[in-house]
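The values are calculated or read from the model by the stated rules, or taken from the named source; none is laboratory data. The model shown is predicted, which means the values in this text are computed figures rather than measured ones. Here Cβ is always computed from backbone atoms with ideal geometry, including for glycine, and neighbour counts include all displayed protein chains.
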Amino acid sequence: LRSALGQTKVEWKPIPVGLGIGFLGLLQLYRVQAREKRRIEEEEVRTQEREDDESEKHGCPKKRKRIRPSGPWQVQIMSTLPLKALSRLWGRFNELTIPYYLRVPGFRLYSFIFGVNLDEVAEPDLHVYPNLAAFFYRTLKPGVRPIDPNPNSIVSPADGKVIQFGTIEHGEVEQVKGVTYSLDALLGSRRPSSSGISTPTSELASRPSVSSQDRHSLGDEEVIREDEEFAQVNGISYTLPNLFSGPAKNRGDKKDTPKDQSTKSQLSSELDVTAELARSGPTSQPWWAPATSKEKGPTALYYCVVYLAPGDYHRFHSPVSWVVESRRHFAGELYSVSPYLQRTLPGLFTLNERVVLLGRWRWGFFSYTPVGATNVGSIVVNFDRELRTNSLTTDTAADRAAEQAANDGEPYSGFAEATYEGASAILRGHALTRGEEMGGFQLG
Amino acid sequence: STIVLVFEAPKGRRPSFDEGFTGEEERPGGWRWNIEKGQKLKVGQSIGHV
């Protein structure tokens, strides 16, 4: 080795000039491109800021940037289309009156294609429906959808297909296998100015996310991590204020005054819960009585996604007896929510227009989120007459919410929120019973 | 159109082998699903129970 090192002749040769020039040229090209890209980006930001300033001067709210999702070419093409305008146009088209003699063959053809069972439709004379929009929002005969008698069960909110269900841990929902998004993105994060409502999202989402190795499957149910971990986030940190007590911060050990007790008894009669009480199972507790901590034990968050196909009955019902405390309207896009797009477009439910109803049931937090789609952009909630979805005025409402948040010195959360008063001040929300019709999806 | 339900429910205790339970699927007292992925549902049909 010593002789090899000592005797080997080292010969220095110049790098060919052409290669050096080429390398320097490429380096310069890269620098120029990077500088140009940076300049364009800065210019865009400056232009946006100028536009915002101009808008503010004229009293107009700031424009929000449109989100362009990533995904395969079908998604890219879809993201360039004016989906909300198309949806509205589709709605208008379907509200055109169909000639009397074409109605029955037209609706029968539609039923044949999309598998509608006409025997279940409340109105047997199809001539009554003036257009497809009316037929689409049809009602069913009483008794054709019996409600499961077990008072401790959650019933299906609509006719449809189970896309996904499972357990949520660390604030992540799995849209389809492998595509997850946070509960904060779906339901909205907690806002200090809201009416004392605390969603489980803020606490859960702040926890570290789980690696894919931690996920496993239990039959069809997706379990994202073992149960022991969840005890750390279980309990008061995300429990909604109980039905018959104040917000969590004021709750304490306050005893009911005689006035409170009389109001409670009055409320019981108002809600006509006697029937529920009689069949409320071994606990003999009415549905509105929150479970005691001993009875409740450790709890977990669960989720279920139900997809409604075009031919399905498009009204939705309450899956449990619960109290809706607030509604959050996310005026998003209106991508199709077909199972194919759910697989290919990550976070689809967090992009689309949706109405998040937040509340509580016997076992704690409960949320119900109808998500709109291109063909069914209008979400109707029967007990919320102010809600307007897929509307030209929607943007204005969202912008008003943004402006209000700015005035209050709070960050804009991306949704317009409303709280429900309910029939009684104690109830602090709108009470719904199992199987009660809540609203529906309308064409366009 | 799609409906997403997110709810809190009792987790149920993990049974021990001494009690005669042999698998993860046995969770007495807690939430149990009654559905399968891809299953067709009708309004009022149970999707699970406590």
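Figure legend. Inter-residue proximity from segment B:28-50: first residues more than 19 Å from A:V116 (Cα to Cα) and assigned to a strand (DSSP E or B), second residues modelled with pLDDT of 90 or more and acidic (D, E), beta-carbon distance below 6 Å, spacing 6+ or different chains. Indicated pairs: B:S46/A:D148. Kindly provide the set of residues from segment A:154-180 that are closer than 23 Å to B:P10 by Cα and modelled with pLDDT of 90 or more, ordered by number. Within segment A:154-180, A:I154, A:V155, A:S156, A:P157, A:V162 qualify.
Taking first residues from segment A:102-121 that are touching a residue at least 40 places away in the same chain (Cβ under 8 Å) and partners that are exposed (fewer than 14 other Cβ atoms within 10 Å of the Cβ), the Cβ contacts under 7 Å between residues at least 6 apart in sequence or on separate chains come to A:S111/A:L118; A:E120/A:K141.
Within segment A:100-132, the set of residues being outside any helix (DSSP H, G or I) and either in contact with a helix residue (DSSP H, G or I) (Cβ under 6 Å, 6 or more places away or on another chain) or within 21 Å of A:G444 (Cα to Cα) (or both) comprises A:G115, A:V116, A:Y129, A:P130, A:N131.
Here segment A:362-378 is the region considered, the condition is being within 7 Å of chain B (Cβ to nearest Cβ) and more than 17 Å from A:H329 (Cα to Cα), and the residue that is nearest to the chain's Cα centre (by Cα) is A:F365.
Just so you know, in segment A:75-97 the residues that are among the hydrophobic types (A, V, I, L, M, F, W, C) and touching a Leu at 6+ places or on another chain (Cβ under 7 Å) include one that is modelled with the highest pLDDT, and it is A:W90. Looking only at segment A:31-47, decide whether some residue is modelled with pLDDT under 85, β-branched (V, I, T) and under 57 Å from the mean Cα position of the chain (by Cα). Yes. Looking only at residues of segment A:73-113 that are small (G, A, S) and within 26 Å of the chain's Cα centre (by Cα), we find that the one that is surrounded by the most Cβ atoms within 10 Å (Cβ to Cβ) is A:S87. Can you tell me which residue is surrounded by the most Cβ atoms within 10 Å (Cβ to Cβ) among those in segment A:122-164 that are more than 10 Å from chain B (Cβ to nearest Cβ) and under 23 Å from A:T433 (Cα atoms)? The qualifying residue surrounded by the most Cβ atoms within 10 Å (Cβ to Cβ) is A:R138.
Scanning segment A:290-320 for residues that are at pLDDT below 75, in a loop (DSSP other than H, G, I, E, B) and either closer than 30 Å to A:V144 by Cα or at the interface with chain B (Cβ under 7 Å from one of its Cβ atoms) (or both) yields a count of 1.
When residues in segment A:334-349 are screened for being more than 10 Å from chain B (Cβ to nearest Cβ) and buried (at least 23 other Cβ atoms within 10 Å of the Cβ), 3 of them pass.
Select, from A:A416, A:A397, A:A401, A:A423, the only residue that is under 22 Å from A:L89 (Cα atoms), modelled with pLDDT under 85 and touching a strand residue (DSSP E or B) at 6+ places or on another chain (Cβ under 8 Å).
Values: A:A416 fails: under 22 Å from A:L89 (Cα atoms); A:A401 fails: under 22 Å from A:L89 (Cα atoms); A:A423 fails: under 22 Å from A:L89 (Cα atoms).
Testing whether each residue is under 22 Å from A:L89 (Cα atoms), modelled with pLDDT under 85 and touching a strand residue (DSSP E or B) at 6+ places or on another chain (Cβ under 8 Å) leaves just A:A397.
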